[in-house]
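See below for the structure under consideration.
Taken together, the values in this text are just the output of simple stated rules run on the coordinates, not laboratory data. Predicted model, so just to flag it, every value in this text is computed and none were measured. When we count neighbours, we look across all protein chains shown, and the Cβ atoms used for this are built from the backbone with ideal geometry, even at glycine.
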């Protein structure tokens with residue numbers, strides 16, 4: 001893959017779609033056509049392959065009984081043919097609205113034009129005839145039409161609300177169009193269109209504005225795009241429509257699977273458009289993953305049998321301005337908006353607490369046993385334990401917290417562990433595991449027992465295993481359960497000691513929470529002052545502590561005596577930066593994207609072309625990663641995730657799933673063989689150009 005191909009969004013399953021709101025004049029198709037063509041050319045030059053215009057845009061929506069004037073109808077047909085002819089050189093699809101006569105009746109229509117011709121015409125199905133709407137006075141509904149083809153410009157053109165439009169060059173691009181009221185009914189035509197295969201749903205609307213209507217449009221379009229697992233483009237009439245009795249705001253929306261990608265500025269006094277890059281691969285994968293979508297297709301197969309597909313040529317732009325035209329969050333697990341982030345933290349925290357409450361009650365246990373390192377994960381798990389005990393009306397002293405310094409424990413984390421347990425009010429105890437570790441190392445014949453500074457994997461895992469062994473026996477002795485602390489990021493990368501190490505517990509409250517989110521959860525607790533001033537102070541110190549397993553000494557003698565304040569190892573030096581690896585995890589686990597696409601998205605979020613957002617001032621470094629860095633760290637992720645770590649995930653303890661980003665429990669989102677290969681992913685990664 002060349003660098004040029006790599007940076008083209010179309011290479012990775014994106015298509016640029018636009019929604020236009022032209023200034024119009026009532027009953028002036030010549031002026032309206034000129035504005036339509038101008039915006040049509042501008043959006044195509046911007047890299048869009050589709051642009052949608054408002055309902056009855058060639059005539060204006062507010063013509064009322066002028067719709068029955070032959071001169072106006074003739075002019076609208078000429079306008080459509082002019083736009084169709086122009087489309088040959090524009091190289092994109094346009095969807096325009098106009099009134100059309102068919103078999104002595106008038107229909108409110110959407111015409112799809114591309115490649116120099118009218119591809120098809122779809123009439124409006126549901127005509128509003130209430131309140132300020134009188135469409136039944138001028139128009140007929142789609143279901144009353146007998147014709148399935150119409151003559152226009154000397155050609156026979158498909159006609160009907162059952163039309164789909166398929167690009168030959170973009171297999172995932174399949175278009176359907178409905179008109180205004182069609183999406184306001186209980187079962188919109190676009191619902192059947194999506195089941196018939198449409199991935200891009202367009203609504204040509206006029207839609208006058210009243211108080212609260214804008215918000216309702218958002219909800220309506222968002223839910224329809226989410227239910228249909230589709231892109232949904234919505235446009236409405238703006239300046240130029242008659243204000244005899246109504247007002248117009250020109251709202252244009254682009255949604256993808258329930259997520260808003262773009263919205264126009266309302267009440268603009270000029271023609272305008274919005275555009276966004278829609279991820280058709282994401283929509284296709286979601287339909288494949290949610291097998292209930294396929295079940296719905298089967299259930300409605302008789303209704304879908306008569307749907308027709310019109311194929312057409314659509315050249316893929318080789319030059320796409322602006323890079324990727326959509327916001328790619330650097331932290332997909334962490335909302336960038338402060339209020340939304342606080343709400344997310346509250347919900348995640350309560351899911352964890354409520355799940356632990358249920359486990360305590362179901363198991364009829366009285367004590368919680370937890371290892372407290374003074375680091376991030378065990379801090380958050382201890383906060384969850386404290387809230388669970390409060391909710392059950394039990395004393396926090398029933399939480400038995402044990403900090404277990406080893407050969408590499410720093411003075412900083414040891415002090416933080418004691419301060420944290422004191423602030424929470426749990427039962428706190430320190431157990432020095434070095435004597436028992438020395439005994440095991442001596443039993444192994446390990447050189448460290450003879451005074452040699454050999455810090456190998458056995459040396460590390462003896463400490464991790466000894467801590468877990470103590471915790472389980474302490475739980476037996478006190479009649480409690482061990483609460484696990486390891487997080488989703490560590491499980492993904494295999495950064496946990498298997499079996500008798502930190503991999504195991506009786507119940508793990510953190511197992512589906514990634515490292516980047518845990519950081520914000522602790523910050524959220526700190527800002528709410530749940531632990532008072534001293535508790536908030538220690539939480540701030542913990543947030544600023546380097547992430548380390550603290551298993552290899554920094555500057556202590558071989559015997560391990562004497563605690564340093566600097567860790568001897570930094571986790572991210574080995575497995576890569578968590579902020580980037582969590583990004584890779586999200587798009588690999590949630591959507592199953594190929595590595596080259598994950599790298600493309602990571603560069604859009606983190607690279608030198610990024611327009612990223614940081615959740616808050618916790619992310620002080622404001623890191624950026626070049627494509628070479630992304631490729632290298634993604635390679636580490638792929639090898640560890642697919643090749644070396646699945647056996648640890650195949651037998652993880654029970655843990656609550658907290659987010660739609662996925663979990664790695666074999667009883668939940670992720671079932672995989674423990675001995676699979678990673679070559680197909682690593683080979684695809686090679687397609688990413690190295691600068």
Inset, instruction - Return, ordered by residue number, the residues of segment 416-435 whose backbone nitrogen is under 12 Å from a label point located 7 Å along Cα→Cβ of residue 533. - result: none
Inset, instruction - Report the antiparallel proportion of the DSSP beta bridges in segment 75-187 as a percent, rounded to a multiple of 5. - result: 90 percent
Legend entry - Helix axis angle, 70-90 relative to the chain longest principal axis, alpha carbon, degrees: 50 degrees
Legend entry - Contact order normalised by residue count of segment 338-685, Cα under 8 Å, 6+ apart, percent: 19 percent
Inset, instruction - Could you tell me which label, among (i) 43, 29, 25; (ii) 41, 34, 29; (iii) 60, 25, 21, carries the value of semi-axes √(5λ) of the Cα gyration tensor in Å calculated for this structure? - result: (iii)
Inset, instruction - With label points built 7 Å along Cα→Cβ from the Cα atoms of residue 654 and residue 687, find their separation and express it in nm. - result: 4.3 nm
Legend entry - Unit Cα scatterers, Debye sum, segment 324-396: log10 I(q)/I(0) for q = 0.12, 0.21 Å⁻¹: -0.45, -0.97
Inset, instruction - Specify the inter-centroid distance of segment 627-676 and segment 154-171, based on alpha-carbon positions, in whole Å. - result: 43 Å
Inset, instruction - Calculate, axis by axis, the spread of Cα positions in segment 408-529 along the three principal axes, and write the results as whole Å, longest axis first. - result: 50, 32, 31
Inset, instruction - Compare the peptides 662-673, 486-497, 24-35 by average per-residue count of other Cβ atoms within 10 angstrom and give them in order, highest first. - result: 486-497, 24-35, 662-673
Inset, instruction - Please identify which residues in segment 207-234 have an amide N closer than 18 Å to a label point set 7 Å out from the Cα of residue 337, following the Cα→Cβ vector. - result: 212-226
Legend entry - Whether segment 18-312 is rounded, prolate or oblate, judged on the alpha carbon gyration tensor where a/c under 1.5 counts as rounded: rounded
Legend entry - Helix axis angle, 338-363 relative to the chain longest principal axis, alpha carbon, degrees: 50 degrees
Inset, instruction - Would you kindly state how much longer the chain becomes between residue 156 and residue 4 on full extension, computed as 0.36 nm times their sequence separation minus their alpha carbon distance, in nm to one decimal? - result: 50.6 nm
Legend entry - Among 79-90, 574-585, the order from most to least packed when residues are scored by Cβ within 10 Å on average: 574-585, 79-90
Inset, instruction - Any chance you could check the Cα centroid distance between segment 571-611 and segment 324-355 for me, in angstrom? - result: 17 Å
Legend entry - Beta bridges by DSSP in the chain, antiparallel share as percent, to the nearest 5: 50 percent
Inset, instruction - For segment 394-429 and segment 109-137, write down the distance between their C-alpha centroids in whole Å. - result: 69 Å
Inset, instruction - May I ask you to work out the translational diffusion coefficient for segment 293-340 at 37 °C, viscosity 0.692 mPa s, via Stokes-Einstein with Rh from the Kirkwood sum over Cα pairs, reported in whole µm²/s? - result: 200 µm²/s
Inset, instruction - Could you tell me how many degrees, from 0 to 90 and to the nearest 10, lie between the Cα long axis of helix 411-424 and the main elongation axis, the longest principal axis, of the Cα atoms of the chain? - result: 70 degrees
Legend entry - For segment 427-471, Kirkwood radius (reciprocal of mean inverse C-alpha pair distance, Å): 11.0 Å
